[in-house]
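Here is the structure we will look at, set down as structure tokens.
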Amino acid sequence: MTHTSPTVSSRSFVSLAVGGLAFIAGGVLHPGDSGTGTKTEQLHEMLVDPSWYPAHALLLLATVGFAAGALALHRDGTGGSGVVSVATRIASVVGVVAVIGMAIHLLEALNADAIADGHANLFAQVQVVNETVIDAAWGLAFAALAVAGGLTRAIGYPVTAALGGVGGGAFALASATIAFTDRFDPLFPVSALLGTWAIWIGVARNRAGVPERAKTSAGR
């Protein structure tokens, strides 16, 4: 049996916990819109809100935490060569891309004046792709990791699989459709379950600084 490094596993779990906390906090602070007007006008309302920068700074920290956690899990061989390993590898790649995407998204407020007339410019159009593709892929990647890890008990349990799967799926669906319809916007608060998954995994699995698989192995 492959034994994980306590140092690497501890780092991955702490990163996930920090990412989860930042994800929830960023979601709470995220500015809303009036729900009226075109999507570009609604976007402008959010961009000029003072909470845009602090909310997205936290969300950037969240993507960094999730990416760092996934990379550390991938490096320490969590899940062996099975489905968890594949899910971890995918989450690592998507997680790094999402960090870049969120950094660009944070700076979108600089484009507020340019779209004040209600017409989207090139930067706003790029941001649509950023949200509908990259953010949606990020939610799906970590939902898959949570489900695979929980059901196999390599990272969590079935209950954590449900939390991460529902939270990540909700974030993916809301992000993929946000530029076209308000119908799925209520799913964004539900995505806090993904943050809860990350905190649970980070805290519970790192309680004594011992990887979960090492604990299981020692108990046999």
**Request:** In nm, give the distance between the simple-model label positions of Ala116 and Ser51, each being 7 Å from the Cα along the Cα-to-Cβ direction.
**Result:** 2.3
**Fill in**
From the Cα centre of the range 113-134 to that of the range 10-54, the distance in Å is 16
**Request:** Work out the charge dipole of the range 10-208 with +1 on the Cβ of Lys and Arg and -1 on the Cβ of Asp and Glu about the Cα centre, then indicate which of Ile155, Leu61, Leu173 is farthest towards its positive end.
**Result:** Ile155
**Request:** Give me the net charge of Asp182's neighbourhood, meaning all other residues with Cβ under 15 Å from the Cβ of Asp182; Lys, Arg count +1, Asp, Glu -1.
**Result:** -3
**Contact order relative to length of the range 1-153, as percent, for alpha carbon pairs under 8 angstrom and 6 or more apart** = 27
**Net charge over other residues, Cβ less than 15 angstrom from the Cβ of Asn121 (K, R count +1; D, E count -1)** = -3
**Asked** Summing Lys, Arg as +1 and Asp, Glu as -1, what charge do residues with Cβ under 9 Å from the Cβ of Pro31 carry, Pro31 excluded?
**Response** -3
**Order of exposure, largest accessible area first, which applies to His30, His56 with probe 1.4 Å** = His30, His56
**Message:** Keeping every protein chain present and rolling a 1.4 Å probe, give me the accessible area per residue for the chain in Å².
**Reply:** 45
**Fill in**
On the formula 1/(1 + (r/R0)^6), with r taken between the Cβ atoms of Val128 and Arg75 and R0 of 35 Å, the FRET efficiency rounded to 0.05 is 0.55
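The values are calculated or read from the model by the stated rules, or taken from the named source; none is laboratory data. These numbers were taken from a predicted model, which means no experiment stands behind them. Every residue, glycine as well, gets a Cβ built from its backbone with ideal geometry; the counts of neighbours run over all protein chains shown. Heads up: the accessible areas ignore ligands, DNA and RNA and are worked out on the full protein's heavy atoms, side chains in. Shrake-Rupley method; radii C 1.70, N 1.55, O 1.52, S 1.80 Å.
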